[in-house]
Amino acid sequence: MKLWAGRFSKSTDAFADHFQSSLSFDKRLIVHDIKGSIAHAHMLAAQNIISEEDGREIEDGLSGILEDYEDGRLELDDSAEDIHMAVEALLTKRIGEAGKKLHTGRSRNDQVALDMRLYAMSEIEEIVALSKELMRALLDLSKKHTDTVMPGYTHLQRAQPVTFAHHLLAYVEMLKRDIDRLLDAKRRTSVMPLGSGALAASTYPLNRELVRELLDFDAISYNSMDAVSDRDFLIELLSAISMIMMHLSRLCEEIALWSSWEFKFIELDDAYSTGSSIMPQKKNPDMAELVRGKTGRVYGSLMALLTVMKGLPLSYNKDMQEDKESAFDAIDTVKMCLPIVAGMLSTATVIKANMRKACGAGFVNATDAADWLAKKGVPFRDAHEITGKLVLYCSQNGKALEDLSLEEFRQASPVFDESVYEAISLEACVSSRKVPGGPSKAYIEKLIDWNEAYLGNGN
Ligand code: ARG
């Protein structure tokens with residue numbers, strides 16, 4: 001029998017029942033649901049709303065359910081409508097009358113809001129930890145490649161030389177912002193909604209501060225109608241996760257490019273590659289592509305949730321039950337993708353020689369030639385023009401800038417002298433970019449130290 005069956009004279013249509021049930025997916029909230037209920041029961045007893053004895057029986061009963069769940073021997077009644085009903089029904093089955101008092105001064109509306117907040121907060125912790133593990137993989141790889149010169153690109157055209165470390169550390173910056181966003185979202189998630197009841201709070205003398213304290217929330221909600229109908233915290237979380245996925249997707253796009261024969265900057269480990277069922281030579285970056293693909297799916301969850309919420313009148317509406325599968329799927333997905341990307345990167349072989357070779361073509365040192373002229377007093381615009389002509393001359397004659405004779409340089413401008421060769425060497429192009437934020441080894445080493453400190457391994 002349904003726990004709300006009192007005002008009904010007829011049972012729900014079986015298919016309608018199946019349609020509206022959330023147990024199949026919200027059962028994963030069981031631990032949060034029980035912890036929330038234990039805190040609620042504790043408070044009810046402390047406030048003399050239920051007897052001390054009933055309070056104790058409820059708490060013991062719930063702890064027993066939790067233990068059974070943790071030992072893998074809990075059997076929930078599949079016909080229950082949702083996890084909240086399933087736990088309450090089981091409690092009453094186990095402890096009798098006292099179980100029926102658990103829901104005093106509470107509604108599933110504030111209960112589900114509580115459960116989702118508890119769930120979101122603990123998932124945020126996990127996603128932050130996994131993001132840090134990816135940062136660690138990026139950082140470890142960077143340390144080995146502070147001297148590994150490669151072309152930096154704009155428009156996917158070779159632009160200026162950087163180092164592989166510099167390129168990888170760009171992703172570390174993104175991840176730091178991602179973590180910051182997650183923690184910021186957590187701050188707004190840490191608001192305790194219990195006591196809001198169905199929508200209009202409660203006539204019982206509930207001690208909301210006590211429940212807040214027991215469940216370790218930062219604050220209690222200030223408006224009961226908002227508290228039961230707010231899913232902003234999930235949308236924020238999904239948006240932060242979408243941003244992580246966008247970053248992972250860009251990195252995976254690069255990994256796929258770098259491992260192609262056209263680039264061959266890296267070779268993925270066999271453990272992170274797949275073959276083709278028809279082409280024997282193939283080694284495909286499927287993991288990278290899947291992460292890129294799953295990004296679309298996570299964006300979909302964010303859009304789904306935004307769309308579910310957009311037309312809902314206050315306060316709770318059952319539409320909001322649709323928050324769960326989207327949130328669960330997005331969270332599960334990012335938690336799979338972060339370690340896959342970390343594993344893929346830390347096992348890849350970096351082919352430094354190809355990165356360097358790629359700098360040989362594409363005139364990545366042209367800016368440095370122009371800068372050299374400008375430092376000798378030629379206005380930068382003229383220096384740009386002169387170097388542009390040299391590049392044209394080189395491409396017509398199949399040469400790189402460093403292949404030109406001093407005479408050829410001087411034909412373009414008499415200002416050129418021997419020292420231009422040193423200035424346009426790849427090493428100089430990188431090491432002379434000493435500006436903070438740039439690729440020079442001196443700066444990159446400092447940045448690596450800062451990032452180590454961020455990860456808690458500072459020296
Ligand atoms: N399963 C529901 C959900 O996820 C729980 C709240 C149900 N409340 C109600 N009044 N029907 O939203």
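Checking the a/c ratio against 1.5 first, then a/b against b/c, what shape does the Cα gyration tensor give for region 370-410?
Since a/c reaches 1.5 and a/b is larger than b/c, the shape of region 370-410 is classed as prolate.
Region 221-305: which trypsin sites (Lys or Arg not before Pro) are DSSP loop and have at most 11 other beta-carbon atoms within 10 angstrom?
Hits after loop and neighbour filter: Lys282.
Could you give the distance between the Cα centres of region 259-281 and region 331-379, to the whole Å?
One Cα centre to the other: 20 Å.
What number results when the radius of gyration of the chain, computed over Cα atoms, is divided by 2.2 N^0.38 Å?
Compared with the compact-globule rule of thumb, the chain sits at 1.35.
What is the percent carbon and sulfur in the accessible area of the chain, measuring with a 1.4 Å probe over the protein chains and ignoring ligands?
Percent of accessible area from carbon and sulfur atoms in the chain: 53.
For a paramagnetic label modelled at 7 Å from the Cα of Lys389 toward its Cβ, which residues of region 418-441 fall within the zone defined by backbone nitrogen distances under 20 Å?
Zone members listed by number: 418-421.
Which links in Lys283/Lys357; Lys35/Lys324; Lys2/Lys101; Lys144/Lys375; Lys35/Lys176; Lys282/Lys399 stretch past 26 Å when you go from one Cα to the other?
Checking Cα-Cα distances, Lys144/Lys375; Lys35/Lys176; Lys282/Lys399 exceed 26 Å.
Using a cut-off of 15 Å between beta-carbons, work out the net charge of the residues near Glu75 (Lys and Arg +1, Asp and Glu -1, Glu75 not included).
Neighbour charge sum, excluding Glu75 itself: -2.
Can you tell me the accessible area per residue over region 59-158, all protein chains present, probe 1.4 angstrom, in square angstrom?
43 Å²
Amide H neighbours of Met192 under 5 Å, at least 5 residues apart or on other chains, H built in the peptide plane: list them.
For Met192, whose amide H was placed from the backbone, the distant partners under 5 Å are Ala219, Ile220, Ser221.
With a/c under 1.5 counting as rounded, go ahead and sort region 1-78 into rounded, prolate or oblate using the C-alpha gyration tensor (a ≥ b ≥ c being the square roots of the eigenvalues; past the cut-off, prolate if a/b is larger than b/c, else oblate).
oblate
Could I have the simple spin-label model distance between Lys446 and Ser277, label points 7 Å from Cα toward Cβ, reported in nm to one decimal?
Roughly 5.5 nm, to one decimal.
Could the peptides 213-222, 363-372, 145-154 be put in order, highest first, of the mean number of other beta-carbon atoms found within 10 Å of their residues?
363-372, 145-154, 213-222
Under 5 Å between amide hydrogens, which residues at least 5 positions from Met150 or on another chain qualify, with H placed 1.01 Å from N in the peptide plane?
Those lying under 5 Å, H to H, from Met150 are Val162, Thr163, Phe164.
Among 311-319, 429-437, 336-344, what's the highest-first ranking by average C-beta atoms within 10 angstrom per residue?
336-344, 429-437, 311-319
Mind listing the phi-derived Karplus ³J(HN,Hα) values for region 181-192, rounded to whole Hz, using 6.51, -1.76 and 1.60 with θ = phi - 60°, and x for any glycine or proline?
5, 4, 5, 5, 5, 5, 4, 7, 7, 7, 10, 8
Compute from the Cα atoms of region 153-218 the Rg and the Dmax, the latter being the longest Cα-Cα distance, and quote both in angstrom.
Every Cα atom of region 153-218 included, Rg and Dmax give 23.3, 69 Å.
Would you mind computing, in nm to one decimal, how far apart the modelled labels at Gln396 and Lys143 are, each placed 7 Å from Cα along Cα→Cβ?
Simple spin-label model gives 5.1 nm for this pair.
Any chance you could list P(r) for region 31-118, counting all Cα-Cα pairs in 10 angstrom bins from zero, rounded to whole %?
All Cα pairs, binned at 10 Å, distribute as 18, 55, 26, 1 percent.
Could you order peptides 347-356, 67-76 by the average number of other Cβ atoms within 10 Å of their residues, highest first?
The densest-packed peptide leads the list: 347-356, 67-76.
Whole number in Å², please: accessible area per residue of region 251-360, 1.4 Å probe, ligands, DNA and RNA not counted.
49 Å²
Compute the separation of the alpha-carbon centres of region 13-56 and region 193-207 and state it in Å as a whole number.
A separation of 15 Å, based on Cα centres.
Which of the listed residues, Ala98, Leu194, Ala165, is farthest toward the dipole's positive end in region 90-208, when Lys, Arg count +1 and Asp, Glu count -1 at the beta-carbon?
Selected residue: Ala98.
The values are calculated or read from the model by the stated rules, or taken from the named source; none is laboratory data. Values in this document were obtained by computation on a predicted structure and should not be read as measured data. When we count neighbours, we look across all protein chains shown, and the Cβ atoms used for this are built from the backbone with ideal geometry, even at glycine. The protein model used for the area step is the full one, side chains on, heavy atoms only, and it has no ligands, DNA or RNA in it. Shrake-Rupley method; radii C 1.70, N 1.55, O 1.52, S 1.80 Å.
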